[in-house]
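Chemist: Have a look at this one.
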Amino acid sequence: MSDAVAPSARTTLRRGTNRAVYERDRVLEILDAGMIAHVGVQTPDGPLVLPMAYGRDDEKLYLHGAAANHLLGTGQGHEICATVTLIDGLVMARTPFHNSMNYRSVVVRGLATKIEDPDEKLRTLKLITDHVVANWDEGRDVSEIDNRKTLVLEIPLAEASAKVRDGDPIDEEEDMAGPWWSGIIPIETRFLEPYPAADFTGTNEMPAQYGALAGKTPDERVL
């Protein structure tokens, strides 16, 4: 169990407290390894959760989408929740009742605020874009129309906590001597070799950082 203190009552783990991680560096490490956040908001039609790309700096998490994005439009000015989860393995127990997964997850809760300042908006869009692989400076410049059509929300990282499970299955003592197999099925995501789009007719070489991803896991791409 983490020795750190949860940042708030609503980010304090109440089940599986031995898996709680509140250290800031560890929370940021998991966010850096992830690529998709599942973002939940309360809409007039009921709760809605959608996967979204994200970026961060030391203080805030950033989400972006089309200016007409229903979830982002509904979320601005309201409390929202963003969850990032990495699955590291299937945990196969002696009974399916005790099957589990090894995982790393982060939950961020906070007030979502729309970024209005044009320069700040571009800064955060670069953070989001470069979160997966640095490519903001590789394409054409962002146009004013691009900027107008994009909405960016920021959420403070003040209320963020992590939960991590690793290790073997936890079986009943009376099952330990039985014949049933137990163990871990690791899960690994890796980048493959990039290839050009079917309609690519440009003259620029593929950026070196794209090819450098090949064979790496998302964790290994983090600098």
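Chemist: Output the number of the condition that Met35 fails; it satisfies all remaining conditions of (1) closer than 12 Å to Ala162 by Cβ; (2) in contact (Cβ under 8 Å) with a residue 60 or more places away in the chain; (3) not in a helix (DSSP H, G or I).
Modeler: (1)
Chemist: Please state which of the following conditions Pro44 fails to meet, knowing it meets all the rest: (1) surrounded by fewer than 20 Cβ atoms within 10 Å (Cβ to Cβ); (2) in contact with a strand residue (DSSP E or B) (Cβ under 9 Å, 6 or more places away or on another chain).
Modeler: (2)
Chemist: Is one or more of the residues making up the stretch 65-82 buried (at least 18 other Cβ atoms within 10 Å of the Cβ), in contact with a Phe, Trp or Tyr (Cβ under 8 Å, 6 or more places away or on another chain) and in a strand (DSSP E or B)?
Modeler: Yes, that holds for at least one residue.
Chemist: Is there any pair with a first residue in the stretch 187-203 that is more than 30 Å from Thr85 (Cβ to Cβ) and in contact (Cβ under 8 Å) with a residue 24 or more places away in the chain and a second that is of a type in the set (Val, Ile, Thr) and not in a loop (DSSP other than H, G, I, E, B) whose Cβ atoms are under 9 Å apart and which are 6 or more apart or on different chains, and what are they?
Modeler: So the pair list comes out empty.
Chemist: Another question, if that's okay. Tell me which residues, restricted to the stretch 1-54, are farther than 30 Å from Ala66 by Cα and of a type in the set (A, V, I, L, M, F, W, C).
Modeler: Result: Met1, Ala4, Val5, Ala6, Ala9, Leu13, Ala20, Val21.
Chemist: For Ile87, work out the one condition from (1) over 20 Å from Arg10 (Cβ atoms); (2) free of Cβ contacts under 8 Å to residues at least 12 places away in the same chain; (3) under 15 Å from the mean Cα position of the chain (by Cα) it doesn't fulfil.
Modeler: (2)
Chemist: Here's another thing I want to ask about it. What's the number of the only condition in (1) within 26 Å of Asp146 (Cβ to Cβ); (2) modelled with pLDDT of 90 or more that Glu23 fails to meet?
Modeler: Answer for Glu23: the failing condition is (1).
Table: residues versus (1) within 28 Å of Val133 (Cα to Cα); (2) at pLDDT below 95.
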position: Ile170; (1), (2): no, yes
position: Met176; (1), (2): no, yes
position: Pro186; (1), (2): yes, no
position: Leu192; (1), (2): yes, no
position: Ala198; (1), (2): yes, no
position: Val222; (1), (2): yes, yes
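Chemist: Would you point out the residue of the stretch 91-115, among those that are in contact with a Ser or Thr (Cβ under 8 Å, 6 or more places away or on another chain) and of a type in the set (A, V, I, L, M), that is surrounded by the fewest Cβ atoms within 10 Å (Cβ to Cβ)?
Modeler: Here the answer is Met92.
Chemist: Could you look through the stretch 164-185, keep only residues that are hydrophobic (A, V, I, L, M, F, W, C) and touching a helix residue (DSSP H, G or I) at 6+ places or on another chain (Cβ under 9 Å), and pick out the one that is surrounded by the most Cβ atoms within 10 Å (Cβ to Cβ)?
Modeler: Val164
Chemist: Only one of these conditions is not met by Arg109: (1) over 22 Å from Thr17 (Cα atoms); (2) of a type outside the set (A, V, I, L, M); (3) touching a helix residue (DSSP H, G or I) at 6+ places or on another chain (Cβ under 9 Å). Which number is it?
Modeler: All conditions pass for Arg109, except number (1).
Chemist: Can you name the number of the only condition in (1) touching a helix residue (DSSP H, G or I) at 6+ places or on another chain (Cβ under 9 Å); (2) part of a helix (DSSP H, G or I); (3) under 18 Å from Asn102 (Cβ atoms) that Ile30 fails?
Modeler: (1)
Chemist: Can you confirm whether Glu138 is closer than 30 Å to Lys114 by Cα, of a type outside the set (Ser, Thr, Tyr), over 19 Å from the mean Cα position of the chain (by Cα) and loosely packed, with under 13 Cβ neighbours inside 10 Å?
Modeler: no
Chemist: Count, please, the residues in the stretch 116-133 that happen to be touching a helix residue (DSSP H, G or I) at 6+ places or on another chain (Cβ under 9 Å) and either assigned to a strand (DSSP E or B) or surrounded by 15 or more Cβ atoms within 10 Å (Cβ to Cβ) (or both).
Modeler: 6
The values are calculated or read from the model by the stated rules, or taken from the named source; none is laboratory data. Owing to the predicted nature of the structure, the values given are computational and were not obtained by experimental measurement. Cβ atoms come from the backbone with ideal geometry, glycine included; neighbour counts cover every protein chain shown.
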